[in-house]
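The values are calculated or read from the model by the stated rules, or taken from the named source; none is laboratory data. What you see is a predicted model; the values in this text were computed from it and never measured. With ideal geometry, Cβ positions are generated from the backbone for all residues, glycine too; neighbour counts draw on all protein chains shown.
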Amino acid sequence: MILILKQGTSRDKVDELCAWLHSSYGVQTSPIFGEGTTIVGLVGDTSSIEIDAVEQNDVVERVMKVQEPYKRANRKFHPDNSIIDINGVKVGEKKIIVAAGPCSVESEDQIRLIAEQVQASGATLLRGGAFKPRTSPYAFQGLKAEGLMYMKRARQSTGLPVVSEITNPAQLELFMEFVDMIQVGTRNMQNFELLKELGRVKKPILLKRGFANTIDELLMSAEYIMSGGNQNVILCERGIRTFETSTRNTLDISAIPVLKSKTHLPVFVDPSHAGGIAWLVEPLAMAAVVAGADGLIIEVHNDPKHALSDGPQSLTPEGFTDLMGKLRPVAEAVGRTI
Ligand code: PEP
Ligand code: MN
């Protein structure tokens, strides 16, 4: 339920209204102070609320019911785009943010070198996996805590904030110390115990869509994190599983405008895991930019043929430079920068 307040309602009056709603109906309130209007979102069991009584309150203009089960992630609760600050890198503004780096951190020299190269080409975030959720237990599982430490050192030397994937709530303390944004991978999008833990911290979360999950399920997973108190969520479309076998996954381009209409949260796109082949990264990244993505996450490896994971979809640093050059005019054509 959303209350639209009368123009010019003072903050004291808003606080008074919120306290009354909480004590009378036990609901949580989240006021959003916009340019002209203030709205108050109500979360919790709103079934006992007498709409007439609320509408009679002096400062309430009108009451709107929200049908969707996601509230805090809902654009109706927060009409303006949310801007998420990753240690100084702002996501959700005009500039499209690019996170680039290897699928897996393989050594300290490797991650530092790639960080310098992608930064020189315009990336403003560094990606790198340390805890790898691999389909095969015999595949490289990541350097774990050591990998996170190398990420942190790469951040210290380049200034690029870093993003890495968490696979288990027990790793949270390490991630709080070593990374600037915590990634939840496709396989853990519905690991609700993990999502609840991530709701208790304030660090930005990059929540990737499960490869067999709907857009509304993605929003409900965001709601898990947000209802715990962490509003710093970025969503990521990374391709879904379909009957098509020519590509690793099928990039759901329509998810971008659909998400932008349903939620105020920024939307990233991962063209690397979507296509699964290096030459597909460019057309998919271009399509994502045109469709309204706020950011891209792209795999870049110094030696893709010998990468310990996801070599076939990784760009070389030179390929990444070329891609960024081609994305600039595309971003400009849709009123963005990159
Ligand atoms: C990754 O980003 O390295 C990754 C494993 O992504 P996803 O969870 O989308 O497969
Ligand atoms: Mn990967």
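Some notes on this structure:
- Filter result for residue 265 (more than 14 Å from ligand 1 (Cβ to nearest atom), of a type in the set (A, V, I, L, M) and either touching a His at 6+ places or on another chain (Cβ under 7 Å) or touching a residue at least 60 places away in the same chain (Cβ under 8 Å) (or both)): yes
- Restricting region 187-214 to residues that are in contact with a Lys or Arg (Cβ under 7 Å, 6 or more places away or on another chain) and surrounded by fewer than 23 Cβ atoms within 10 Å (Cβ to Cβ) leaves a set whose member that is nearest to residue 69 (Cα to Cα) is 212.
- Total residues in region 260-276, condition away from ligand 2 (no atom under 16 Å from the Cβ) and closer than 28 Å to residue 312 by Cβ: 1
- Residue pairs meeting the criteria (Cβ under 7 Å; at least 6 apart or on separate chains; first farther than 20 Å from residue 298 by Cβ, in region 237-254; second assigned to a loop (DSSP other than H, G, I, E, B) and not charged (D, E, K, R)): 241/211; 241/212; 241/249
- In region 213-236, the qualifying residues are those that are without any contact (Cβ under 8 Å) to a residue 40 or more places away in the chain and of a type in the set (Ser, Thr, Tyr), and the one that is farthest from residue 197 (Cα to Cα) is 214.
- Qualifying residue in region 236-246 (condition: under 21 Å from residue 104 (Cβ atoms), assigned to a helix (DSSP H, G or I) and at pLDDT 95 or above): no
- A single member of 310, 294 is of a type outside the set (Ser, Thr, Tyr), within 12 Å of ligand 1 (Cβ to nearest atom) and either farther than 16 Å from residue 100 by Cα or under 22 Å from the mean Cα position of the chain (by Cα) (or both), and it is 310.
- Note on region 181-212: residues that are charged (D, E, K, R), without any contact (Cβ under 8 Å) to a residue 60 or more places away in the chain, in contact with a strand residue (DSSP E or B) (Cβ under 7 Å, 6 or more places away or on another chain) and within 16 Å of ligand 2 (Cβ to nearest atom) total 1.
- Restricting attention to region 116-155, the residues that are within 12 Å of ligand 1 (Cβ to nearest atom), touching a helix residue (DSSP H, G or I) at 6+ places or on another chain (Cβ under 7 Å) and not small (Gly, Ala, Ser) total 2.
- The one condition in (1) within 16 Å of ligand 1 (Cβ to nearest atom); (2) within 16 Å of the chain's Cα centre (by Cα); (3) not aromatic (Phe, Trp, Tyr) that residue 212 fails to fulfil: (2)
- Within region 111-143, the residues that satisfy the criterion of being within 13 Å of residue 308 (Cβ to Cβ) and in contact (Cβ under 8 Å) with a residue 12 or more places away in the chain are 111, 128, 129, 130, 132, 134, 139, 140, 142, 143.
- Matching residues in region 297-318 - criterion: being within 16 Å of ligand 2 (Cβ to nearest atom) and farther than 22 Å from residue 134 by Cα: 316
- Any chance residue 309 is under 28 Å from residue 84 (Cα atoms), surrounded by fewer than 21 Cβ atoms within 10 Å (Cβ to Cβ) and either free of Cβ contacts under 8 Å to residues at least 40 places away in the same chain or not charged (D, E, K, R) (or both): no
- Meets criteria (within 16 Å of ligand 2 (Cβ to nearest atom) and under 30 Å from residue 261 (Cα atoms)) for residue 100: yes
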